[in-house]
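The values are calculated or read from the model by the stated rules, or taken from the named source; none is laboratory data. Only a predicted model underlies this, so the values are computations on that prediction, with no experimental measurement involved. All Cβ positions, even for glycine, are placed from backbone atoms using ideal geometry, and neighbour counts span all protein chains on display. Calculation scope for accessible area: heavy atoms of the full protein, side chains included, ligands and nucleic acids excluded. Shrake-Rupley method; radii C 1.70, N 1.55, O 1.52, S 1.80 Å.
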Amino acid sequence: MSEMKLKKKYGQNFLNDGFYVDKIRDFVKLYKGRNMFEIGPGSGALTRVLLENGEYVDAVEIDEELKPALISLKKKFNRLNVTFGDALKIPFDRLLTQPGRYIVFANIPYYITTEIIESLVLNKERFEQAFLTIQQEAAERICAPAGARASGAISFFVEYHAWRKLLFKIPRTAFTPVPKVDSAFICLSFRDRPPIETPYHKIEPIVKTAFKQRRKTLKNSLKELFKDPETILKKAGLSVNSRPESLSLRDFEKIFLMSLE
Ligand code: SAM
């Protein structure tokens, strides 16, 4: 596919470096015979790898101009179903044609990274693992361990639902056209049981408020939610001067529980 035809508005930076395709292939091979789901197959470079290893591949692609390339793949392999439309608008039930839990592989367009991850997480009963190529900075944030500077509200949301691992970095030069930033390949393994007892929606307002003003200490930022954040923080055993990135998921849970007292 010529560089001229690729559409910036759809985040079309195609992975065309065989070295990195092979590195991803090593992970695909671990799931031989499984049903796989791809978001944004593009001209099918990764789709071919999935078809060579998976039982069946469902994919969703927004750009109908990529139909010819994907139809020729379907003719060759048959075990491929591509829905043309917006991955964020079509319910997963309509995209996934096979029973059971899928393995997701996707080189996600930058402009919808967070939305796609949120929607995978919220439908995790259909997915066992998701292997995603995303901007390096987003990858570092999403996979940040507790206490890491890179962490943000999304790190805690994803941690609640999945084990997270940044597997390797992919330089920008591996894509056509070359984007402005480097990428990374990450794995989310969806949990059957969350790591804390409190449902996430109860602690989410605290996490979001704390990170909205991440430079402020918690005793200041949490004034937006609580009359007396200092007492709550002390009861939770936390320093009133701590900043959100130094907290763990369990710490946020403690703040929520102490706010009920
Ligand atoms: N999988 C190919 C690869 O690895 O080279 C292409 C990856 S490219 C970064 C992102 C792909 O997602 C493009 O093919 C683009 O058209 C598609 N895309 C963008 N927005 C989408 C959306 N909302 N729903 C489904 N596909 C989308």
| Can you list the residues, at least 5 places off or on another chain, whose amide H is less than 5 Å from the amide H of Arg191, using H built in the peptide plane? | Ala162, Trp163
| query | So what does log10 I(q)/I(0) come out to for segment 56-160 at q = 0.11, 0.17 Å⁻¹, using the Debye formula with one equal point on every Cα and no solvent? | reply | -0.40, -0.87
| query | Residues with beta-carbon under 15 Å from that of Arg94, excluding Arg94: net charge, scoring Lys, Arg +1 and Asp, Glu -1? | reply | -2
| task | Would you mind giving the three semi-axes, in whole Å and largest first, of the ellipsoid equivalent to segment 63-115 according to its Cα gyration tensor? | result | 20, 16, 11
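Quick one: work out the % antiparallel among DSSP beta bridges in the chain, nearest 5.
45
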| Which residues in segment 169-190 have a backbone N closer than 18 Å to a point placed 7 Å from the Cα of Lys32 along the Cα-to-Cβ line? | none
| What number, in nm² with one decimal, is the all-direction average of the projected area of the convex hull of the alpha-carbon atoms of the chain? | 14.4
| message | Heavy atoms of the protein only, probe of 1.4 Å, neighbouring chains included. What is the accessible area of Lys74 in Å², nearest 10? | response | 80
| Tell me, what ³J(HN,Hα) does each residue in segment 172-179 have, in order and in whole Hz, if you take phi through Karplus 6.51 cos²θ - 1.76 cosθ + 1.60 with θ = phi - 60° and put x for Gly and Pro? | 4, 5, 7, 10, 10, x, 5, x
| said: Quick check on segment 164-261: what does the Kirkwood estimate of hydrodynamic radius come out to from the alpha carbon pairs, in Å? | reply: 15.7
| note | Mean 1/r over distinct Cα pairs of segment 97-240, inverted to a Kirkwood Rh in Å, yields 16.8
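Expressed as a rounded percentage, what relative contact order does segment 61-160 have, with Cα pairs under 8 Å and six or more residues apart?
21
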| query | With labels modelled as points extended 7 Å from the Cα through the Cβ direction, what inter-label distance (nm, one decimal) is found for Ser248 paired with Arg191? | reply | 1.2
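Using the 2.2 N^0.38 Å rule of thumb for compact globular proteins, work out how segment 24-109 stacks up: its C-alpha Rg over that value, please.
So segment 24-109 has a normalised radius of gyration of 0.98.
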| What does the charge add up to near Thr209, with Lys and Arg as +1, Asp and Glu as -1, over the other residues with Cβ less than 11 Å from its Cβ? | +3
| remark: Comparing Phe131, Phe156, Phe92 in a Gaussian network model of the chain (Cα, 10 Å), the one with the largest mean-square fluctuation is Phe92
| note | Summed over the other residues with a beta carbon less than 9 angstrom from that of Phe37, with K and R at +1 and D and E at -1, the charge totals -1
| message | Let me spell out the model: positive unit charges on the Cβ of Lys and Arg, negative unit charges on the Cβ of Asp and Glu, origin at the Cα centre of the chain. What dipole size does that give, in debye rounded to 20? | response | 380
| message | Over segment 1-59, what is the relative contact order in percent, taking alpha-carbon pairs closer than 8 angstrom and at least six residues apart? | response | 34
| query | What does the accessible area of Ser189 come to, in Å² to the nearest 10, when a probe of 1.4 Å is used? | reply | 30
| said: Report the Cα centroid-to-centroid distance between segment 153-170 and segment 36-99 in angstrom, as an integer. | reply: 25
| said: Let's test the formula: R0 of 22 Å, r as the Cβ-Cβ distance of Glu118 and Lys165. What FRET efficiency results, to the nearest 0.05? | reply: 0.75
| said: Could you compute how much accessible surface Ser43 exposes when probed at 1.4 Å, giving the result in Å² to the nearest 10? | reply: 40
| Using the beta-carbon distance between Glu125 and Asp86 and R0 = 22 Å, what value does 1/(1 + (r/R0)^6) give for FRET efficiency, to the nearest 0.05? | 0.50
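Expressed in whole Å with the largest first, what are the equivalent ellipsoid semi-axes of segment 158-199 derived from the C-alpha gyration tensor as the square root of 5 times each eigenvalue?
One finds semi-axes of 32, 9, 7 Å for segment 158-199.
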| Long-range HN-HN contacts of Ile108 with modeled amide H, under 5 Å | Thr133
